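Colleague: Got a structure for you, written out below as structure tokens; questions coming shortly.
The values are calculated or read from the model by the stated rules, or taken from the named source; none is laboratory data. Bear in mind the structure is a predicted one, so any value in this text is a computation, not a measurement. Cβ sites come from the backbone with ideal geometry, for glycine too, and all protein chains shown count toward neighbours.
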Amino acid sequence: MEARTAPADALDWRRPSGRLRWVRRAQVGAAVVPLALLAVAMGAVQGSAAIGGAAAGGLLVAGLALERVLARRVGAWAYAERQDDLLVRRGVLFRRLSVVPYGRMQYIDVTAGPFERSFGLATVRMHTAAAASDARIPGLPADAATRLRDQLATLGEARSGGL
């Protein structure tokens, strides 16, 4: 008889680093602050500093709201390793739970954009034969992401022998 794996609610769920929230804040700031400054400058050129200031204020409020949404999205990410597969959950409004069997993984990427690199973080992305597969774990410390990639690759090789 096959050994059963633990149900999703009884697992040790691991979360991304808290620094991922700072990455998201930096990304929002990099987009919103220049736009707000541009709105003020355009208002000054047009001769209506009040309109430029109002536009800049609106952009800053929108940026704060966006930052709040992104912080909730970061808090929703988690992953758990089971005997035969990896579970990845995410989503605030629409929750999603992806089950990625180790034996179905074709390759695993570790990526880090400029903001992630500046905070020492990386994203692990698992690729399977399914085109719709979107299993990724953002915000892991770079060394932990590399370790997880190597561990998943080893488990994938061990489990793919029977396919």
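Colleague: Among the residues that make up region 60-67, is at least one of them part of a strand (DSSP E or B) and out of contact with any helix residue (DSSP H, G or I) (no Cβ under 7 Å at 6 or more places or on another chain)?
Modeller: No, region 60-67 contains no residue that is part of a strand (DSSP E or B) and out of contact with any helix residue (DSSP H, G or I) (no Cβ under 7 Å at 6 or more places or on another chain).
Colleague: Here is a follow-up. Do you know which of the residues in region 1-55 that are touching a strand residue (DSSP E or B) at 6+ places or on another chain (Cβ under 8 Å), part of a loop (DSSP other than H, G, I, E, B) and not aromatic (Phe, Trp, Tyr) is modelled with the lowest pLDDT?
Modeller: Per the stated criteria, the residue is 5.
Colleague: Please go through region 77-124 and give me each residue that is in a helix (DSSP H, G or I), surrounded by 15 or more Cβ atoms within 10 Å (Cβ to Cβ) and not hydroxyl-bearing (Ser, Thr, Tyr), ordered by number.
Modeller: 103, 104, 115, 116
Colleague: Here is a further query. All but one of (1) in contact with a helix residue (DSSP H, G or I) (Cβ under 7 Å, 6 or more places away or on another chain); (2) touching a residue at least 40 places away in the same chain (Cβ under 8 Å) hold for residue 137; which doesn't?
Modeller: Failed condition: (1).
Colleague: Now a separate question. Go over the candidates 66, 11 one by one and state the one that is within 25 Å of residue 120 (Cβ to Cβ), surrounded by 13 or more Cβ atoms within 10 Å (Cβ to Cβ) and outside the structural domain of residue 117 (by TED's automatic domain parsing).
Modeller: From the options 66, 11, the qualifying one is 66.
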